[in-house]
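**Q** Sharing a structure, written as structure tokens. Questions coming.
Coordinate-derived values only; no laboratory data. Keep in mind that what you see is a predicted model, and the values were worked out from it rather than measured. Methodologically, a virtual Cβ is constructed for each residue, glycine included, from the backbone with ideal geometry; neighbour enumeration extends over all protein chains shown.
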Amino acid sequence: MIKILISDSLSDIAKKILEKNNFEVDIKTNLDPKELKEIIKNYNGLIVRSSTTVTKDIIESGSNLKVIGRAGAGVDNIDIENAKNNNIIVMNTPGGNTNATAEHAISLLLSLYKNINIANQSTHKGLWEKKKFKGYELKDKKIGLIGFGNVASRVSFLARGFGMQVFTYSKSFNKYKENYNYVKSVTFEEIISTCDIISLHCNASKDGQPIFCKNEFIKMKKNSVIINTARGNLINEQDLKEALDNSVILGAALDVFSKEPAKENILFGTNNIILTPHIAASTFEAQENVAIQIAEQFVSFFLENKKINIV
């Protein structure tokens, strides 16, 4: 019998789909790397989200492992190169949490622009500081999207609905531009120097270095904001803190961090920043979507030899 390990929290529907197809499924969450390394040899497939890091040691210990599935789009937590070297397929579920992440990016932007977070805290204290929280409108603002995959394309649609001007810096945008005639492709320099809002939707650079550091923040408009729901290492957090502390930019909102879980971070307590604990894709709808997708992809792989969404 085919044995599957689910090592992160996942909708129960994945287990039901797999068991309906006669797979044996174990759910063991919060395993430390040593524990996972010791048991992985017992499984043919491993399903993870973002909490489990699948290292070289774990992969090499998976003597019976055929496929690693990421219930989500990002695969930064999986050593893909070593998986390939050990003839293990890695697959993800792009699109399953697209809308959830896009809506979260817009929610962060609205919270920043409307001072929702600090106004809420103030009102709970009975201060009624009505004149203190003058905000901004999204209409006619320029939003620059770094990257133009599934999430960015959805953000562009939502931004257009608010009457925003949409720009992107993306090497792949030419593939889709016919369907997005309201989006203008520009250079990275144009994005950072002319846009009111910058929203990150790209992969990390190959060398792992941030793409937004002190030099980039200096070039941004003084009343601009930056949103990151993509990868934590895209932004140098120390430089961002200094930019906010010195009013180089207006504000920031992050759902991802250089080190997660972010129990400690230099940005904690910084003014004009909203922080959420990597929850952009955490909606009931999105979690069910990715659970169904990855379970069905495993069924197709093991029973029909179909390789779907291979990374």
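**Q** What's the exposure ranking of Ser156, Ser107, Ser63, going from fewest to most Cβ atoms within 10 Å? Please report the intermediate quantities before stating the final value.
**A** Details: Ser156 24, Ser107 18, Ser63 9.
By the 10 Å Cβ count, ascending: Ser63, Ser107, Ser156.
**Q** Now for a different question. In the range 33-133, which chymotrypsin sites (Phe, Trp or Tyr not before Pro) fall in coil by DSSP and have 12 or fewer other Cβ atoms within 10 Å?
**A** Sites meeting the loop and neighbour criteria: Trp128.
**Q** Where the only charges are on Cβ atoms (+1 Lys, Arg; -1 Asp, Glu), what is the dipole of the range 1-153 about its Cα centre, to the nearest 20 debye?
**A** Rounded to the nearest 20 debye, it is 800 debye.
**Q** Please state the charge dipole magnitude for the chain, taken about the Cα centre, from unit charges on C-beta atoms (+1 on K and R, -1 on D and E), reported in debye and rounded to the nearest 20.
**A** 780
**Q** Pull up the cross-link candidates among the lysines for Lys34, meaning alpha carbon to alpha carbon under 19 Å and not fewer than 8 places away within one chain.
**A** Qualifying lysines at Cα under 19 Å: Lys56.
**Q** Hand me the chymotrypsin sites (Phe, Trp or Tyr not before Pro) from the range 215-288 located in a DSSP loop with no more than 15 other Cβ atoms within 10 Å, in residue order please.
**A** Here the chymotrypsin sites (Phe, Trp or Tyr not before Pro) that fit, given the DSSP loop and packing criteria, are Phe268.
**Q** While we're here: Based on the Kirkwood radius over alpha-carbon pairs, what is the Stokes-Einstein translational diffusion coefficient of the chain at 25 °C with 0.890 mPa s viscosity, in µm²/s? Don't skip to the answer; put the middle values down first.
**A** Numbers: Rh = 20.9 Å.
Here the translational diffusion coefficient equals 118 µm²/s.
**Q** Okay, moving on. Does a label point 7 Å from the Cα of Glu35, set along Cα-to-beta-carbon, have any residues of the range 57-101 with amide nitrogen under 19 Å, and which are they?
**A** Counting backbone N atoms under 19 Å from the label point, the list is 57-59, 61-62.
**Q** Taking N as the number of residues in the range 253-311, what is its Cα Rg relative to 2.2 N^0.38 Å?
**A** 1.69
**Q** Hey, another quick one. For the range 174-213 and the range 227-280, what is the separation of their Cα centres, given in Å?
**A** Spelled out, the Cα-based centre of one part sits 19 Å from the other.
**Q** Cα convex hull of the range 110-244: mean projected area in nm², to one decimal? Show your work: numbers first, answer last.
**A** Numbers: hull surface 36.8 nm².
Taking a quarter of the hull surface, the average projection is 9.2 nm².
**Q** For Gln209 and Ile116, compute 0.36 nm times the residue count separating them, minus their Cα-Cα distance, and round to one decimal in nm.
**A** Full extension from Gln209 to Ile116 adds 30.3 nm.
**Q** Here's a follow-up. Could you list, in their original order, any pairs among Lys84/Lys306; Lys177/Lys259; Lys15/Lys259; Lys219/Lys241 whose Cα atoms are separated by more than 25 Å? Spell out each step's value before the answer.
**A** Working: Lys84/Lys306 17 Å; Lys177/Lys259 35 Å; Lys15/Lys259 30 Å; Lys219/Lys241 16 Å.
Pairs exceeding 25 Å: Lys177/Lys259; Lys15/Lys259.
**Q** In addition: Would you mind calculating the gained length between Phe268 and Glu129 on full extension (0.36 nm times residue separation, minus the Cα-Cα distance), in nm to one decimal?
**A** Computed gain between Phe268 and Glu129 is 47.7 nm.
**Q** Now for a separate question. What whole-number distance in Å separates the alpha-carbon centres of the range 1-32 and the range 71-125?
**A** If we compute the Cα centre of each part, the gap is 23 Å.
**Q** Something else about it: Apply the membrane-span-like helix rule to the chain: whole DSSP H runs, Cα extent along the own long axis of at least 27 Å, mean Kyte-Doolittle hydropathy at least 0.0. List the helices found.
**A** For the chain, where a helix must reach 27 Å along its axis and average at least 0.0, the hits are 284-304.
**Q** Calculate the translational D of the range 214-310 in whole µm² s⁻¹ from Stokes-Einstein, where the hydrodynamic radius comes from the Kirkwood formula applied to all Cα pairs, the temperature is 4 °C and the viscosity 1.567 mPa s.
**A** In µm²/s, the coefficient is 82.
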